Amino acid sequence: MAFKLVGLAGSYNRPSKTFALVNHIAAIAAERYGFETQVHDLTDVGPSLGLAQRQNDLDSNAARVLEDVVEADFLIVGSPTYKGSYPGLFKHFIDLIDPEQLRAKPILITATGGGDRHALMVEHQLRPLFGFFTAHTLPTAVYASDRDFSDYRVVSEALQQRIGFAVDELAAFFPQQALAAAE
Ligand SMILES: Cc1cc2nc3c(=O)[nH]c(=O)nc-3n(C[C@H](O)[C@H](O)[C@H](O)COP(=O)(O)O)c2cc1C
């Protein structure tokens, strides 16, 4: 049985650079480790999120995304940078997750922003957020700015290299799959 990779892009935009980044990394990781893959964005979550105070308040679409996220064997989380941090509705989705639902889960944290000024958003905002959940954020976090994309596709070589480092780090969590890929 294949392990399950779930991507969550915290953007409502379509097209979205954050979704493109998460989807791009998911495809590379799935190819290497043989994951089953599902990538969601906040439009998949839909409008019930805004008024939900607990998981039971979510409609079936949103509940399905949340279930996918908490049942994932490996998560790729991506957030656009809004005012130097993650968007409020992205945080609200994460707020509905119980702490034990992400405990010890490997998570690759990623973000996009207009420029490089807020590149440490991944370290100063996303890493502590998932530290609260006692999740295993991978040592390499991935931040991409507008110039790393062309027509919503990842084009930067430096970014590709960084993505490669992060995907390599997954071998610690999926050693059998890493060995099989190396043969
Ligand atoms: C309300 C708002 C605030 C933003 N704040 C920042 C910011 O503080 N720093 C930054 O680099 N980009 C900022 N941006 C730009 C977005 O982070 C950037 O365009 C991002 O890649 C959009 O992701 P998406 O295409 O997935 O929606 C902001 C955009 C919006 C709409």
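Bear in mind that the values in this text are calculations on the coordinates, not laboratory data. Owing to the predicted nature of the structure, the values given are computational and were not obtained by experimental measurement. Cβ sites come from the backbone with ideal geometry, for glycine too, and all protein chains shown count toward neighbours.
Below is a table of values for the structure above.
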read-out	value
Antiparallel bridge percentage (DSSP; both residues within the chain; nearest 5)	10
Cα-based convex hull, segment 4-176, per residue volume (Å³, whole number)	103
Simple spin-label estimate for ALA182 and GLN53 in nanometres, 7 Å along Cα-Cβ	5.2
FRET efficiency estimate (nearest 0.05) - Cβ-Cβ, VAL155 to ILE97, R0 30 angstrom	0.35
Sum of -39500 (n - 2.57) over DSSP H runs of 4+, divided by residues of the chain (222 nm, nearest 500)	-11000 deg cm²/dmol
Whole-Å distance, taken between Cα centres, linking segment 1-50 and segment 82-98	16
Rough spin-label spacing in nm, given labels placed 7 Å along Cα→Cβ, for HIS124 and ALA171	3.4
Overall form of segment 117-177 per C-alpha gyration tensor (a/c, 1.5; a/b vs b/c)	oblate
Estimated FRET transfer efficiency (ASN13, VAL70; beta-carbon r; R0 22 Å; 0.05)	0.35
Among ASN23, ASN13, ASN56: highest mean-square fluctuation, GNM of the chain, C-alpha pairs under 10 Å	ASN56
Straight-distance crosslink candidates among lysines, where the alpha carbon sits under 27 Å from LYS4 and sequence neighbours closer than 8 are dropped	LYS17, LYS91, LYS105
Gaussian network model of the chain, springs between alpha carbon atoms under 10 Å - residue of PHE149, PHE132, PHE35 with greatest fluctuation	PHE132
Segment 4-176: relative contact order in percent, alpha carbon pairs under 8 Å with at least 6 residues between	22
Cut-off under 5 Å, modelled amide H: who pairs with LEU8 long-range	HIS40, ILE76, VAL77, GLY78
